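The next block holds one structure in the form of structure tokens; read it before the comments.
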Amino acid sequence: MHRCNKMMRDFFDIKIAVHALLFTVIVTSLEGKPSPIETIYKEEGDVNLAGMFSIHTYSETETCGDTLRDIATIQNVEAMVFAIHNINENTELLPNLTLGYVIVDDCSKDTTALGQAMRFMPKNSQSTTNKRSIFKGDSDSTEQFFDVAGVIGPQSSSSSMMVASVLNWFHIPQISYQATSDSLSDKNRYPYFLRMAPPDKFQVEAIVDLLVHFNWTFVSTVNSNNAYGRDAINTFKILSKKRNICIATSQEIRPTYTEIEYDYIVKNLLKHDRARAIVVFSDYKEATGLLEAASHLQTEGHFAWIGSEGWGAYINEFDDVSRYLDGAIVLKTYSKTVPEFNEYFKSKTLQNNLQNPWWSELSKKKFNCTVKEIYNETINCPHNSKHSLSEQFEPNPSVSTIIDSVHTFANALHALIENCHVVSENTSNLEECTRGEDLLRYIRNISFPGINGQVSFDNKGDAFGKYEILFMEYEEEQLIQYPFALWDSKSRNLTFGEGKPEERLGKKQTNTTSTYIRSRLPYSSCSEECPTGHIYLYLKDTCCWECVACSVNEITTFNQTRCETCPLFYWPNQNDKESCDEIPPTFIHLTDPLSIVLITMASVGFVSCMICLGVFIVHNDVRLIKSTSRELSYIMLLGTSVSYLLVFTFLVKPTLPSCYVNHVGFNMSFTLIYAPLITRTNRIYRIFRAGKKTKKVPLWSSPRSQVFIAMALVGIQAVSIGIATWFVPPEAQLRMRVVTEKFVELLCTLPMQGLLTSLCYNLVLISACSFYAFKTRTLPDNFNESRYIALCVYTTLLIWLAFIPTYFTTSKAYYQVMLLSLALTFNATVTLICLYLPKVFALYSNSGDTRKTIVNTSKGPCHSSYVHLGNLGVCAVTAHHQESINERSKVYSRPPSKGFEDGSVESLNSRTSSSMSKGRCQSGIELDNGGSSDGNKTSESFVPNACNSIVLNNHNNLNGMAITESVARVV
């Protein structure tokens, strides 16, 4: 279980990282397009706090909506600023230190809140004073980072979860003033999260007590499809069962639902016409869609809505559907008014509050005021009035909890700094003292008198609080809120007749007793028939039952009283949900569009391989073919052809034989290409390196030796595959990755042990090729072979680096087969283009004797007395200039060297070298071939320098053809 939980947390963290990446991409793409998320309200201090508030509306398609929500959201912003300024003026709290702030907009969207939280990511750079600096990036850039000691907000539970998951990584404490989800009490997932509002389990208990008080024994529920809604509804089902309350139907809603889908939800509620009380656990947006659907279907007066705090806190924003809230009961976290803040806020105008970037937007919305030139503060308002908000002001209940949150941080910082001995008066070591883990410990142990009572936290980071229960009446074209009860989370008691002072409502609390409310609300009792796919869940000692939907892969049995899961690879019959039908398997077909593309590419590639093979066979004795290690080239060409052919076996219907072919062929095809290639690159590297030190030929340089080495490397792969296949053989099988999804696929299971072993081995070969290609990058400019090999291995390495993570992160077998086929095709094509196409082009781009001797006399770096061998990129003595060289060089014989049948010719004397140095070739590589026909008895000495020329001396024949032959046979 612990391992499963860890995997779930890891999956959640990956999801968080993906959302953060998507947010970064979206923000970066907004070049030249102003966005509300770019607006920041800030003031730097010695220690800085961050605030995240839902200032703009939610948008499904954008990171942020364009519309300012209401005055209450601006009150939240100003409440934080008000509290910080008061603390800075207080000489007893944080003396000699100032609090700063940075406030951002989460736009009522959890993914936007996540992206804004990334702004608080710590960075290594510090200011010269070693003091916390609020800016970490360019102030003119949207990518600003802020160094903060703590975060206040966000408001919603879903956004708080996103933000908490990020802040946990950074060890930054977070206090939400309104998030209530029970999931946030999990300190294993959210160790740095705290909140001022009581968790949802308490409000669910308060709602159940309220239902019992009004004797509502049969209700329906609606919840959001998120952690907040799911946790609340699960707790509600447990508590309601204990209190003999029946649930008629449970509906889930999503923020992406359309009007038709919301209408469908309301219609489902209407089907249970005796369940008139509807308990809604949702956020503001979902509740808005639900109430709009209720207005479309003209359900005014039919339902009694019981709203959770998730949308009850936004009750003032239901302007268009407020008449359908007549008779509704909602919960809010109890909070007192702050008269000092009310006066402070009402005194704010556009003229004296330009530092708040959202105030001008609020003034434009309320009074049509505009700021023409921000820097010159040119303000244009109709009638030239101050346009104060005092007439439209209504106290915001969140203000007190926000102020208490700020004071929580301030008191914890005060205690922490007092007990920290490294802080001096100039606060140079302040950051070292105020680490997140230390600050969190002080916050959890703090206790001080706040606005709403004593502030303290339990071991889960939850503060005790009260819920205020409000009754809604629609009178005189406006929605009036009447508080009539309180529920205390500490005593777990529901108390009637207590509420906020009358003056706060602006209207006397007449007719707000529970008796009056009971007379206004409909009666809600059981029972209803359960639809298809649902079971009757009878509650003990009651006459009611609950209609519970079976899972999508379950059928109803025993007269719709039990859900049973269909066997694997079967799915419930959609007509009656009482029997299971077999799911037809899905696999790739040759007629699929992508399959046709792959087959076409593989066919063209295979035909190209056959053409290259024919060219090599026809010109088998040409020096160019000999000089390219033709034996190794044939092996590589075999691997390339096998790669193309395997595409066809991957795209046919999976069977046991085809699975074996795919498994063995996929791994061996790569080895057949890169085992010879690494042999060739290693040989080139050893030859040129040895030429700098000795005149002896490097060991294992003959063609037979090269073939032996290449086949030995292939043999290692073959043995590895054989062993892995013996213990874990591949097979064709059905797979149903998600039992709750109607999808079965037929696939070849490639054993992971053998696949990973083979992949690692092939990657070692490719990496080694890359190493030798890099080491030989400084060979002569005309030594084309090294360049093509480097291009081949580098491109292949990129293909593999892209293929491996993509393959293992792809869940569906269909796409895995496509990726395997693409990897084979791309790899074979790169090999064909880089290693074979240049040779074919060289064969047919020259004519006559030039093609036979492969001598390139074009603008090479060779002296006029030498010619350039096109394939090898070296300078060689030709028969035409042999006589002139002999005249300038003294050629003498020496005794036969060991390993030669007779003597060899000594290299040109220093006079010749001096003569050569006057040209483009500075020094050379000397090849002495004792006339051996198979290259086994060859003595080679190589002295590569800047031009890497080659002076060839053939003991038996000194003409140009013999010289070329010597190069071809050895190199």
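Annotations
- Residue 759 surrounded by fewer than 17 Cβ atoms within 10 Å (Cβ to Cβ) and either modelled with pLDDT of 85 or more or touching a Phe, Trp or Tyr at 6+ places or on another chain (Cβ under 9 Å) (or both): no
- Hey, residue 131 in contact with a Leu (Cβ under 8 Å, 6 or more places away or on another chain), modelled with pLDDT under 90 and among the basic types (Lys, Arg) or not: yes
- Yes/no for residue 627 being among the hydroxyl-bearing types (Ser, Thr, Tyr), over 23 Å from residue 825 (Cβ atoms) and either in contact with a His (Cβ under 6 Å, 6 or more places away or on another chain) or exposed (fewer than 13 other Cβ atoms within 10 Å of the Cβ) (or both): no
- Residues in region 789-810 that are part of a helix (DSSP H, G or I) and under 22 Å from the mean Cα position of the chain (by Cα): 798, 799, 800, 801, 802, 803, 804, 805, 806, 807, 808, 809.
- Filtered residues of region 626-667 (kept if more than 30 Å from residue 842 (Cβ to Cβ) and of a type in the set (Gly, Ala, Ser)): 658, 665
- Screening the candidates 645, 637, 632 for the property of being closer than 25 Å to residue 719 by Cα and open to solvent by 40 Å² or more (accessible area, probe 1.4 Å) yields one hit, 645.
- With respect to the conditions (1) assigned to a loop (DSSP other than H, G, I, E, B); (2) at pLDDT 75 or above; (3) open to solvent by 50 Å² or more (accessible area, probe 1.4 Å); (4) among the charged types (D, E, K, R), residue 343 falls short on a single one, namely (1).
- Considering residues of region 428-439 that are open to solvent by 50 Å² or more (accessible area, probe 1.4 Å) and not in a helix (DSSP H, G or I) only, the residue modelled with the highest pLDDT: 435
- Residue within region 342-361 that is among the basic types (Lys, Arg) and under 30 Å from residue 517 (Cα atoms) present: no
- Residues within region 276-290 that are in a loop (DSSP other than H, G, I, E, B), modelled with pLDDT of 85 or more and within 36 Å of the chain's Cα centre (by Cα), tallied: 1
- Which listed residue, of 826, 771, is modelled with pLDDT of 85 or more, under 30 Å from residue 632 (Cβ atoms) and among the aromatic types (Phe, Trp, Tyr): 826
- Of the residues 187, 241, the single one that is more than 24 Å from residue 522 (Cβ to Cβ) and open to solvent by 20 Å² or more (accessible area, probe 1.4 Å) is 187.
- Pick from region 451-484, criterion farther than 23 Å from residue 185 by Cβ and polar (S, T, N, Q), ranking: least open to solvent (accessible area, probe 1.4 Å): 481
- Contacts under 8 angstrom Cβ, first residue in region 706-717 being touching a residue at least 24 places away in the same chain (Cβ under 8 Å), partner crowded, with 19+ Cβ neighbours inside 10 Å and among the aromatic types (Phe, Trp, Tyr), 6 or more apart: 716/761; 717/761
- Scanning region 587-602 for residues that are of a type outside the set (Asp, Glu), in contact with a strand residue (DSSP E or B) (Cβ under 7 Å, 6 or more places away or on another chain) and open to solvent by less than 70 Å² (accessible area, probe 1.4 Å) turns up at least one hit.
- Per-region count, region 46-59, residues out of contact with any helix residue (DSSP H, G or I) (no Cβ under 7 Å at 6 or more places or on another chain) and open to solvent by less than 10 Å² (accessible area, probe 1.4 Å): 1
- Only one entry in 62, 43 is open to solvent by 40 Å² or more (accessible area, probe 1.4 Å) and at pLDDT below 85, namely 62.
- Residues satisfying the stated conditions in region 811-822, i.e. open to solvent by less than 50 Å² (accessible area, probe 1.4 Å) and either closer than 17 Å to residue 609 by Cβ or not in a helix (DSSP H, G or I) (or both): 821
- Any chance residue 293 is more than 41 Å from the chain's Cα centre (by Cα), open to solvent by less than 40 Å² (accessible area, probe 1.4 Å) and closer than 18 Å to residue 220 by Cβ: no
- Restricting region 407-427 to residues that are at pLDDT below 80 and more than 15 Å from residue 147 (Cβ to Cβ), the residue that is surrounded by the fewest Cβ atoms within 10 Å (Cβ to Cβ): 425
- Region 199-275 holds helices (runs of 4 or more DSSP H) entirely within its bounds, and those carrying 1 or more residues that are touching a His at 6+ places or on another chain (Cβ under 7 Å) map to 259-271.
- Of all residues in region 155-169, none are touching a Lys or Arg at 6+ places or on another chain (Cβ under 7 Å), at pLDDT below 90 and under 26 Å from residue 57 (Cα atoms).
- Failed condition for residue 682, given (1) at pLDDT 85 or above; (2) open to solvent by 30 Å² or more (accessible area, probe 1.4 Å); (3) in a helix (DSSP H, G or I); (4) not charged (D, E, K, R): (1)
- Of residues in region 729-756 being among the β-branched types (Val, Ile, Thr) and at pLDDT 85 or above, the one nearest to the chain's Cα centre (by Cα): 738
- Flag for residue 312 being of a type outside the set (Asp, Glu), in contact with an Asp or Glu (Cβ under 9 Å, 6 or more places away or on another chain), under 30 Å from residue 209 (Cβ atoms) and buried (at least 22 other Cβ atoms within 10 Å of the Cβ): no
- Filtering region 614-655 to residues that are over 29 Å from residue 700 (Cα atoms) and either in contact with an Asp or Glu (Cβ under 6 Å, 6 or more places away or on another chain) or of a type in the set (Lys, Arg) (or both) leaves only 653.
- Enumeration of residues in region 134-154 that are modelled with pLDDT under 55 and over 15 Å from residue 103 (Cβ atoms): 136, 137, 138, 139, 140, 141, 142
The values are calculated or read from the model by the stated rules, or taken from the named source; none is laboratory data. Note that this is a predicted model, so its numbers are computed, not measured. All Cβ positions, glycine included, derive from the backbone under ideal geometry; neighbour counts span all protein chains shown. Note: areas computed on protein heavy atoms with side chains; ligands, DNA, RNA excluded. Shrake-Rupley method; radii C 1.70, N 1.55, O 1.52, S 1.80 Å.
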